[in-house]
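Report on the structure given below.
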Amino acid sequence: MSRFRRTAAAAVLAVATAALTTAVGLSGPATAAPPTAAVALGDSFISGEGAGAYAPVVDVNGVAQGFPGWTAPNNNAFFCHRSANASLHRASLPGIQDRFNLACSGGQPHDIAAASSARANGRQVAAQLAQLRAVGQSHDIDLVLIGLGSNNSSFTFGSVAEKCANRFIADAWTGWWEFWAYLNGPVPQQPCSDADLATAAQISAATAETTAAVRQILTTLREIDADGQHRVVFQDYTNPLPFDLDPKFHTEDGRDDTRDKFRDLGAERYAGGCPIHRASLLPGHRFSQGLGSIVKSGRDTLAAEFPGADLVYLNVQRAFDGARLCESATSPTGTLATPIRLQDSPPNGTVVTSLSGKDKIAIQKIANTCATYFQTCQESWHPNAAGHQVLGQCLAGAATTAARDVTCTRTPTGTITIS
């Protein structure tokens, strides 16, 4: 029986018990049941990165941090980017009274049991387990959404995305005759390969690291959830880019991305939100599938270790089909992911929507702004508010199904199916 059905049954039983007590004249201490809660833990795809409407975040010192400005240190707690539009808040979850988004953009397995501030580039927030325990003191936790694995000690989603986008931009604006002229050596311009994104050894290490962190979550839930009834949903990742670009983005001015210097095409793809070599797309999808294997393997391992635990794997890799960046000629309009968007220096919140007419010096300046003030570009290639609405539908399906392996798919007509 699902937790939501049990909640309804318990309510009926409570009413009957109260009536019986009144009828026979019995009395006793009345203990109100704590409110039920759904909790989100993990990284940017769970916190709501890209969806806007970011709430203040309490830092490791207990101070709520609102937006600190575009030039503030990126480790500020606010840049966890916990969104009111995150999938946890968009999902229909009958029986759930309160929702707590404890995820943090850039979150790693390390951040589950230790303060994120204790590692390099980590944000100034407490360990997610410490935050989970605080929720457990006042609430009955019935649902936990976990998104973990895209960032770890071996690789991070942000570094992978930055690598492939930068290679495309360098290739588009820098000629081969300039390629060898840089004082710091040649600038990589070739498409990303599978090995550039994550090796098999890195995926294996990330799997072990992620599984160990989630094991700590499950152990903590056993300790703090008094009734022991909670469903844990392990969500994987969806790629913001398609398997191939719409033909509109294949060539411009007679040049494709296999030519030397193709600035018009580079500007066109940037405007569409997909500054990427076509040859990088399939390795990118295999990388996404690798992330899925991390999540699925972790769930399977822990299901064997925690017999009887209610653990559900939610596959969302096809949840954005037909609405990925540059999958149609109108991109980024109508897509479910945020385009890559940068700011000029000094950053002031105004994004650069067009690179047309800019030379490579201007391009480098814009790229450096992202490197120096990562908050100016960290929303890039994440689910937008509409994307999180879809992921909310996926979560709603995973929260109530009797299945333990759930796939959420978007049909060509935009219908979301749960199977």
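Of the residues that sit in segment 268-281 and are part of a helix (DSSP H, G or I) and in contact with a helix residue (DSSP H, G or I) (Cβ under 9 Å, 6 or more places away or on another chain), which one is nearest to PRO383 (Cα to Cα)?
GLY272
Of the residues SER345, SER380, only one is at pLDDT below 95, closer than 27 Å to ALA77 by Cα and hydroxyl-bearing (Ser, Thr, Tyr); which?
SER345
Could you look through segment 368-384, keep only residues that are buried (at least 19 other Cβ atoms within 10 Å of the Cβ) and hydrophobic (A, V, I, L, M, F, W, C), and pick out the one that is nearest to LEU325 (Cα to Cα)?
TRP381
Right, ALA91: under 14 Å from the mean Cα position of the chain (by Cα) and under 22 Å from ASN384 (Cβ atoms) or not?
Taking the combined requirement at face value, the residue does not satisfy it.
Of all residues in segment 248-264 being in a helix (DSSP H, G or I) and of a type outside the set (A, V, I, L, M, F, W, C), which is nearest to ARG167 (Cα to Cα)?
ARG263
Please verify whether SER193 is at pLDDT 95 or above, of a type in the set (Ser, Thr, Tyr) and crowded, with 20+ Cβ neighbours inside 10 Å, treating the condition exactly as stated.
It is false that SER193 is at pLDDT 95 or above, of a type in the set (Ser, Thr, Tyr) and crowded, with 20+ Cβ neighbours inside 10 Å.
Residue-wise test of (1) assigned to a helix (DSSP H, G or I); (2) farther than 24 Å from THR207 by Cβ.
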site	(1), (2)
GLY266	yes, yes
LYS296	yes, no
ASP300	yes, no
GLN317	no, no
GLY322	no, yes
THR330	no, yes
LYS358	no, yes
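In segment 133-244, which helices (runs of 4 or more DSSP H) lie fully inside it and hold 2 or more residues that are within 28 Å of SER356 (Cβ to Cβ)?
Because the criterion is at least 2 residues that are within 28 Å of SER356 (Cβ to Cβ), the helices (runs of 4 or more DSSP H) in segment 133-244 that meet it are 157-173, 176-179.
Kindly indicate which of THR31, THR7, THR17, THR21 is loosely packed, with under 12 Cβ neighbours inside 10 Å, at pLDDT below 50 and of a type in the set (Ser, Thr, Tyr).
On inspection, the qualifying residue turns out to be THR17.
Kindly provide the set of residues from segment 72-119 that are in contact (Cβ under 8 Å) with a residue 60 or more places away in the chain, assigned to a loop (DSSP other than H, G, I, E, B) and aliphatic (A, V, I, L, M), ordered by number.
Listed by number, the residues that qualify are ALA72, ALA86, ALA91, LEU93, ILE96, LEU102, ALA103.
Filter segment 402-419 down to the residues that are surrounded by fewer than 17 Cβ atoms within 10 Å (Cβ to Cβ), at pLDDT 95 or above and either under 30 Å from ASP171 (Cα atoms) or polar (S, T, N, Q) (or both) and list them by number.
THR415, THR417, SER419
The values are calculated or read from the model by the stated rules, or taken from the named source; none is laboratory data. Keep in mind that what you see is a predicted model, and the values were worked out from it rather than measured. Heads up, the Cβs are rebuilt from the backbone with ideal geometry, glycines too, and the neighbour counts pull from every protein chain shown.
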